[in-house]
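Participant: Following this message is one structure expressed as structure tokens.
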Amino acid sequence: MSYGLHDYERRYRRRIWGRVFRILLVLGVLAGIGLFSYQLGIEDRRAQLDKLREEQTSLRERNEALTTQAQTAQSQAQALQQRIAEWQTRYEREVPRQELRPLMGLIEQRLKDGVTLDRLSFVVGQASSVRDCQGAETKRFLVRTPLASSANSYVTFANNTLTVSALGETALNAEGRPEAWFDPEKPMTVTVTKIGGEEKVATGPLPLTQSVVVGSVEHRFSVIAGPRGFVQVTADRCRYP
């Protein structure tokens, strides 16, 4: 009987220790899981922190690059503005004003014709705002049209060395039919011909002007409308230059 009691107590202690061991085992497993989870959390936070640091570095580098680009763009803009100002100054200095362009074109043409630059410079330098002119002479003549011509369609000046003629557009009556005279409201062409055949032409609506230089004399012609079919031309003779 003593032996049976002792065996019972031994089995009881084994069950107790078995329970304790299982409890400790469960606690150990739980502790391991908790430690593993904690470690994972630390690693995840460290990875997030590293990523944030990389993004911060990237943003800082990008900001520095943008700042550099902005400074470069500002420098380029300032340089461009400076170049624009220089070209504007050069343009204003070298390109003639609107009212001087016809004169520049005439000078270029005279240079192409063989007149030396020294000669042109002399002529311009001798020009005066006060004109030394003789008495004006006025004549009239019939204007030629595509449908009408006449022996009285020109006049001469300067001892017949200069001839002035004109060509206009045919006038139309109220029914739209052509007349035997020109239309003074429409553009026309006035031609001054030197002896030898050289011509100077002026085209446009009346009044028209044209100048011709012969030797040391400038002949300036002013053409206005006259009686029906006629124009009136006034010639001034002035010292040149």
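Any read-out appearing in this document is the output of simple, stated calculations on the displayed coordinates, not a laboratory observation. Source: prediction; values computed, not measured. Virtual Cβ from ideal backbone geometry, glycine too; neighbours counted across all protein chains shown.
Participant: So for the stretch 132-239, averaging the separation of alpha carbon pairs under 8 Å that are six or more residues apart and normalising by length, what relative contact order in percent results?
Facilitator: Here the relative contact order equals 28 percent.
Participant: Pairing the Cα long axis of helix 2-94 with the longest principal axis of the chain, what angle in degrees results, from 0 to 90 and rounded to the nearest 10?
Facilitator: It is inclined by approximately 10 degrees.
Participant: Okay, moving on. With contacts defined as alpha carbon pairs under 8 Å and 6 or more residues apart, what's the relative contact order of the chain in percent?
Facilitator: 13 percent
Participant: Now for a different question. Ranking request for peptides 73-86, 189-202, 157-170: highest mean number of other beta-carbon atoms within 10 Å first, then the rest in descending order.
Facilitator: Final packing ranking: 157-170, 189-202, 73-86.
Participant: Still on this structure: Percent of alpha carbon pairs in the chain separated by more than 30 Å?
Facilitator: 65 percent
Participant: Give me TRP181, TRP17 sorted ascending by neighbouring Cβ count inside 10 Å, so fewest comes first.
Facilitator: The most exposed by this proxy come first: TRP17, TRP181.
Participant: Relative to the longest principal axis of the C-alpha atoms of the chain, give the angle of the C-alpha long axis of helix 101-112, reported between 0 and 90° and rounded to the nearest 10°.
Facilitator: Once rounded, one gets 70 degrees.
Participant: Something else about it: Between the alpha-carbon centers of the stretch 144-173 and the stretch 195-241, tell me the distance in whole angstrom.
Facilitator: Their Cα centres are 13 Å away from one another.
Participant: Shifting gears a bit: Just the number, please: Stokes-Einstein D of the stretch 132-239 in µm²/s, Kirkwood Rh from C-alpha pairs, 37 °C, 0.692 mPa s.
Facilitator: Rounded, D is 231 µm²/s.
Participant: Convert each backbone phi in the stretch 182-187 into a coupling constant with the Karplus relation 6.51 cos²θ - 1.76 cosθ + 1.60 (shift: θ = phi - 60°), then list the ³J(HN,Hα) values in order as whole Hz, x for Gly and Pro.
Facilitator: 8, 9, x, 8, 9, x
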